[in-house]
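Below is one structure, written out as structure tokens; comments come after it.
Where a number appears in this text, it was derived from the coordinates with a stated rule and is not lab data. In this text the structure is predicted, and so the values were computed from the model without any measurement. Counting neighbours? That spans all protein chains shown, and the Cβs are built from the backbone with ideal geometry, glycine included.
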């Protein structure tokens with residue numbers, strides 16, 4: 001079987017994680033030849049080890065010098081011809097007008113719901129995602145909430161829909177049950193600068209904790225984003241609240257470093273309002289770090305009963321949840337155990353098994 005995988009518009013983060021797991025699952029099949037089309041250099045680097053290890057997997061760069069949106073538009077024309085070389089084309093979020101069978105893995109809630117500050121480009125991609133739902137041979141969704149959003153957006157017209165949850169990378173399971181480096185007043189947020197992440201709620205939560213428990217040395221570490229420098233606007237807001245000196249921006253971290261930070265933190269706070277699946281909360285659970293998430297979009301589905309779920313934008317609710325973890329050791333231990341059990345349901349092996357079920361030979 002010849003399979004083409006289009007990854008030309010993927011960026012570091014959940015899309016790259018999904019790409020690696022998809023390739024891993026496809027490589028587990030017999031008599032398969034896979035060509036993955038990458039765009040940006042960071043996407044190419046992210047799969048280089050797989051290409052070197054597996055002779056049945058090869059990489060082609062697809063307009064690497066073009067901007068992401070220009071590359072995305074070119075793919076609409078290019079794969080009308082190139083797609084004929086394959087039995088299947090696999091794409092993430094968007095449809096490919098290829099003459100072969102097409103599978104689309106939907107990972108972005110903003111493919112079906114308008115986000116803050118969306119322009120015409122985002123509107124065009126939402127149209128594309130809806131088109132994929134109606135015309136791809138297989139449509140896979142990383143959460144039930146995302147599937148429901150797609151059904152609402154398309155009027156229920158989705159061809160061959162199924163769920164496929166991403167797996168947690170094994171490095172997040174490597175943390176000890178109780179970190180010797182635990183800092184009992186340290187909070188961790190893993191985020192980006194997108195408006196839908198609602199990062200200011202984390203700042204207000206920290207400020208409230210400082211007011212209510214002034215004798216505790218509360219600290220907030222922030223991981224994620226593309227660089228440390230891009231977090232300066234949030235630090236400026238923290239200064240206005242009087243908590244800037246209590247915040248440390250870590251920027252992007254590799255998985256091992258991020259897992260260590262999780263294991264050393266009292267809890268993860270995730271104020272995000274829009275997520276197609278809240279993988280960071282599960283990664284924290286795997287690293288023995290209890291989580292606090294909002295009740296919006298996929299968060300409750302992601303964490304089950306293994307994390308505290310609060311109202312979005314409510315710093316009082318977030319602060320009260322933090323204090324419960326801080327002041328009730330038995331409750332925190334219970335959530336640690338529940339979180340680890342929950343995380344173990346989302347392994348890469350389970351993803352590979354499910355991919356084999358939902359993508360026909």
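Order by neighbour count: 278, 100, 133, fewest other Cβ atoms within 10 Å first, most last.
100, 278, 133
Please state the relative contact order of region 43-159 as a whole percent: Cα pairs under 8 Å, 6+ residues apart?
Values: 144 pairs, mean separation 21.3, N = 117.
Result for region 43-159 is 18 percent.
For residue 42 and residue 118 in one chain, what is 0.36 nm times their gap in residues minus the Cα-Cα distance, to one decimal in nm? Let's see the in-between values first.
Working: separation 76, 0.36 × 76 = 27.36 nm, distance 2.48 nm.
Full-extension gain reported as 24.9 nm.
In terms of the Cα gyration tensor, with a ≥ b ≥ c the square roots of its eigenvalues, is region 160-227 rounded because a/c is under 1.5, prolate because a/b exceeds b/c, or oblate?
Oblate.
Taking the Kirkwood radius as the inverse of the mean 1/r across Cα pairs, report the Rg/Rh of the chain.
Looking at the chain, the ratio lands at 0.98.
For region 170-343, what's the relative contact order in percent, using C-alpha pairs closer than 8 Å and at least 6 residues apart? The partial results should precede the final answer.
On the way: 344 pairs, mean separation 45.1, N = 174.
About 26 percent, as a whole number.
Could you please rank 254, 314, placing first whichever residue has the fewest other Cβ atoms within 10 Å of its Cβ?
254, 314
Can you show me the helix-derived [θ] at 222 nm for the chain, built from DSSP H runs with n ≥ 4 at -39,500 (n - 2.57) apiece and divided by the number of residues, rounded to the nearest 500.
-13000 deg cm²/dmol
If you fit an axis through the alpha-carbon atoms of helix 348-358 and take the longest principal axis of the Cα set of the chain, what angle between them do you get, 0 to 90°, nearest 10?
40 degrees
Would you mind checking the tilt of helix 120-135 against the longest principal axis of the Cα atoms of the chain, expressed as 0 to 90 degrees and rounded to 10?
60 degrees
State the Cα centre-to-centre distance between region 106-155 and region 213-245 in whole Å.
33 Å
Between region 71-89 and region 271-333, how many Å separate their Cα centres?
So the separation of the two Cα centres works out to 41 Å.
For region 295-361, just say rounded, prolate or oblate: build the C-alpha gyration tensor, square-root its eigenvalues into a ≥ b ≥ c, call rounded for a/c under 1.5, and beyond that prolate if a/b exceeds b/c, oblate if not.
Judged from the Cα gyration tensor, region 295-361 comes out oblate (a/c at least 1.5, b/c at or above a/b).
Can you tell me how region 170-343 classifies by the Cα gyration tensor, rounded, prolate or oblate, using a/c under 1.5 as the rounded cut? Don't jump to the answer; show the numbers that get you there.
Working: a/c = 1.31, a/b = 1.22, b/c = 1.07.
It comes out rounded by the Cα gyration axes.
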